[in-house]
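Each remark here refers to the structure printed beneath this line.
The values are calculated or read from the model by the stated rules, or taken from the named source; none is laboratory data. Being a predicted model, the structure only gives us computed values, none of them experimental. So basically every Cβ, Gly included, is an ideal-geometry build from the backbone, and we count neighbours across all protein chains shown.
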Amino acid sequence: MGSMRNSEAPAKTRDGAKSSLGVVLLVSALLVSGAAGCLSDVSLPACVVEGRPCTVEGGAPGDEGGGAAGRDVGARGPGGGDAPVLGGYAPNGAGGQGAEDGGGTAGASTVGAGGESPDPSPLAVLPTQLVQPCASRPYETTLVVSGGQPPYQWELATDATDWQIQTDPMQSARGTLHADVVAPGETTLPIRVQDAAGNMRQIDFTVSARNTCWFAYTALEAGEPRLQLLDPFVEPAAPALLDNNQGVYDFQFSPDGRYLAYRFDADAGASRGRHLALVELDSLHEQVLGLGEDTIAAFSWSPDSSALAVGFTAGGNTYLGAVSLPAPGSHDAPIVRPAVAAVVDSELYWVGNQLVAFQAEILPDPIHPGQVLDNPNHYRHSFFASLGASGFEAPHIGVYNFFPGTVLSPTQSGFFMITAAPPGTTFIPADGVGSPVDHGISQLLSPSGKYSATLDGEQLRIAPAEHGSIYPFPTGHGEACPMLLAWSAGVERLACVADVGNSDGATHHGEVRFFELVLDPNDENNNALTASTLGGFCDDDTSVLTPGSCGADGHTYGYGTAQAAGTARAFSGSGRWFVFARVEVDGSFLYWADLQQKPPQLTHFAFYGAEDTRTRTRFTFSPDERLFAFQRGPQLLVQNVNRSDVFSVMSIHVPVGDACSDDFPNAPNAYCGSSERLAFVQWAPTSKAMAFRADAQLMVADLRLFPGSNNFPLPAIECGQSCSGQFSFQPHFGE
């Protein structure tokens, strides 16, 4: 179990002392963990300007020859320093234990903190790894040399005419590497730098062009909401020139990453845009989708990217239309299908690849089909429409009407309508045959949409979507579940917390419990609900955590229903990891567990001291589940799931946002246990980058060197109600 307190947090620890990130000085910090991606805007360290070697502070020599910690370093490792130092140089000493790759990079050129260099050259070049370029796009980056005697001269020792390197005439320690257009595939670039004394250093960089490179966001520019589409990891980050980039409200990448659609020409009469543009991302070919529209009400991609559903108005009437996209590799043009009459005043939700669901404020007349009644209470109905070869068929209308304040949640076989008022949560089959199923006021829905959960006293009951309360799964194990925490997306696994009385009869402790559906594919009546308790709970009084209590020692967790209320908790995508927080006046306890262990045991613990009383918390895991992001008040951290002492503080100025809710029917999009509904950062699909808002701008972080990061700020002035403010990586970004 993880018993180490996270001693590297920059906030105050419980005893009031300041701890340190251990990020070292100078060029390596500027290039690897700096706040800006453009080195030309940063003053060079004195060692570079004066032409002397830049030293890197490392720990004591280790068993393998010592030396400063390597560039991929997390914490103490065999033969490395004991601080998470970035950018060490020790040719004969092994790098420290790395956070990602199993070991830091051993020294590359000059003498470091341990060992002697067999190479007499005093020159050192940073960075030692380049940001990978984007195929068919321009590229530029800056290299820096230290040591030796200035002035320096840079050259590219290759016949590759597509690439050039130029010496900065004002500061020759800088060399600018650039290409007007990067060719696809892999290229080796041998870079040489020579000083005034004739010392030379050559580094062979290998660059592999990325095929998916786009990052998009909406923001104000010159007072107008616009869409920025760019590669965030190159200098300069030149946005693509879009033909209809004015009054842009929002955008959507197609799930396969081939297209981007955006709504534009918004004004007072069409606050979300009058028209819809489609961009083919390989060629940046753009076209306006001509639907005969006056305004665009909503648009949404099918999961397989074969169709784009569009709700729009024309001539005072409302319609549902479809655009069919060509198959990958085809040169056919998109086809706009005929539209059908449909009242669309919500988002469009796909149920599989053939059905679209939506809701609208309408009250049909049961006596006169096709007509509607006055609707002073603003009741809403659900609809769904099937997509055929010639477009959508006339929409079906749901049986029930709902009070205002509804959320639609699609599944593979239908969709749920969620409301805090009767009829509560209702499953509506999308085949047009089955009848709606009342699930009552469900406490939670599974991310798969197959089940709902409710509490019968303190007993958990889980009901299949198609059966509702008719076919419940009682716990049957005597395990209480008085408070639901979260439901996993990867497996049908539910987390709860319960307060358990202690032997003194006066106090109690909390226990986290997991309930998992074990499904019989051959007999649904043989399905079972298994229960287990997360080991490592503290049996002291949960309501009080003193420095000496078992819940504060890192071996155990102190967490009951009172501590869970209003705090974030989350499963990883596969359901393997579960993380939860306990917020105290002087800081936040983080606990997480690897649920592959049977029975599950607390595996890691960290404590972050408080510097702000706004302790609202949020979690989200990276797609590869190697990292999770944790927001506590205005501070954003990224934590390695396998080591509690390997983490990075990304910012201390992120927007605080609204508190999460434990009342799912009233706030399903802000439920404390639904991390996928509270996305406060965007992860690149490869998990090697993330984006977040900080200091009224967007920050895109390259995390390949985690716990170091190369951060690229983007001007992204928020635009209030005039645009969505969204930001997103292209699917398959970086591949």
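Figures for the structure shown
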{"quantity": "Residues being in contact with a Ser or Thr (Cβ under 7 Å, 6 or more places away or on another chain) and over 14 Å from residue 310 (Cα atoms) - total across the range 373-396", "calculated": "1"}
{"quantity": "Pick from the range 713-735, criterion under 30 Å from residue 645 (Cβ atoms) and at pLDDT below 90, ranking: surrounded by the most Cβ atoms within 10 Å (Cβ to Cβ)", "calculated": "733"}
{"quantity": "Total residues in the range 504-562, condition aliphatic (A, V, I, L, M) and over 28 Å from residue 451 (Cβ atoms)", "calculated": "4"}
{"quantity": "Filter result for residue 182 (among the β-branched types (Val, Ile, Thr) and within 32 Å of the chain's Cα centre (by Cα))", "calculated": "yes"}
{"quantity": "Filtered residue count, the range 645-657, keeping only those that are under 18 Å from the mean Cα position of the chain (by Cα) and assigned to a loop (DSSP other than H, G, I, E, B)", "calculated": "6"}
{"quantity": "Unique residue being surrounded by 15 or more Cβ atoms within 10 Å (Cβ to Cβ) and in contact (Cβ under 8 Å) with a residue 24 or more places away in the chain when the list is 167, 212", "calculated": "212"}
{"quantity": "Single condition residue 224 does not satisfy, out of (1) out of contact with any Ser or Thr (no Cβ under 6 Å at 6 or more places or on another chain); (2) over 26 Å from residue 139 (Cα atoms); (3) of a type in the set (D, E, K, R); (4) surrounded by 17 or more Cβ atoms within 10 Å (Cβ to Cβ)", "calculated": "(4)"}
{"quantity": "Test: residue in the range 205-212 that is assigned to a loop (DSSP other than H, G, I, E, B) and at pLDDT 95 or above", "calculated": "no"}
{"quantity": "Members of the range 154-199 that are out of contact with any helix residue (DSSP H, G or I) (no Cβ under 9 Å at 6 or more places or on another chain), charged (D, E, K, R) and not in a loop (DSSP other than H, G, I, E, B)", "calculated": "155, 186, 192"}
{"quantity": "Unique match (being modelled with pLDDT of 95 or more and in a strand (DSSP E or B)) among 691, 701", "calculated": "691"}
{"quantity": "Subset of the range 713-735 (residues that are within 29 Å of residue 222 (Cβ to Cβ) and more than 16 Å from the chain's Cα centre (by Cα))", "calculated": "713, 714, 715, 716, 717, 718, 719, 720, 721, 722, 723, 724"}
{"quantity": "Residue list for the range 385-405, filter: at pLDDT 90 or above and under 33 Å from the mean Cα position of the chain (by Cα)", "calculated": "385, 386, 387"}
{"quantity": "Any hit, the range 228-240, residues being in contact with a Lys or Arg (Cβ under 7 Å, 6 or more places away or on another chain), more than 19 Å from residue 692 (Cα to Cα) and touching a residue at least 24 places away in the same chain (Cβ under 8 Å)", "calculated": "no"}
{"quantity": "Residue, farthest from residue 559 (Cα to Cα), within the range 451-491, restricted to residues that are part of a strand (DSSP E or B) and at pLDDT below 70", "calculated": "473"}
{"quantity": "Strands (runs of 3 or more DSSP E) within the range 239-345 that include 3 or more residues surrounded by fewer than 17 Cβ atoms within 10 Å (Cβ to Cβ)", "calculated": "285-288"}
{"quantity": "Residue in the range 75-94 that is among the basic types (Lys, Arg), assigned to a loop (DSSP other than H, G, I, E, B), surrounded by fewer than 21 Cβ atoms within 10 Å (Cβ to Cβ) and at pLDDT 50 or above present", "calculated": "no"}
{"quantity": "Residue within the range 662-674 that is in the same structural domain as residue 591 (by TED's automatic domain parsing), buried (at least 18 other Cβ atoms within 10 Å of the Cβ), aliphatic (A, V, I, L, M) and over 14 Å from the mean Cα position of the chain (by Cα) present", "calculated": "yes"}
{"quantity": "Candidate set: the range 346-370, residues that are without any contact (Cβ under 8 Å) to a residue 60 or more places away in the chain and closer than 13 Å to residue 307 by Cβ; chosen: the one surrounded by the fewest Cβ atoms within 10 Å (Cβ to Cβ)", "calculated": "353"}
{"quantity": "Options 567, 507: the member that is within 31 Å of the chain's Cα centre (by Cα) and hydroxyl-bearing (Ser, Thr, Tyr)", "calculated": "567"}
{"quantity": "Contacts under 6 angstrom Cβ, first residue in the range 408-422 being without any contact (Cβ under 8 Å) to a residue 60 or more places away in the chain and farther than 13 Å from residue 446 by Cα, partner aromatic (Phe, Trp, Tyr) and part of a loop (DSSP other than H, G, I, E, B), 6 or more apart", "calculated": "421/403"}
{"quantity": "Criterion violated by residue 679 - all others in (1) more than 18 Å from residue 619 (Cβ to Cβ); (2) within 16 Å of the chain's Cα centre (by Cα) satisfied", "calculated": "(1)"}
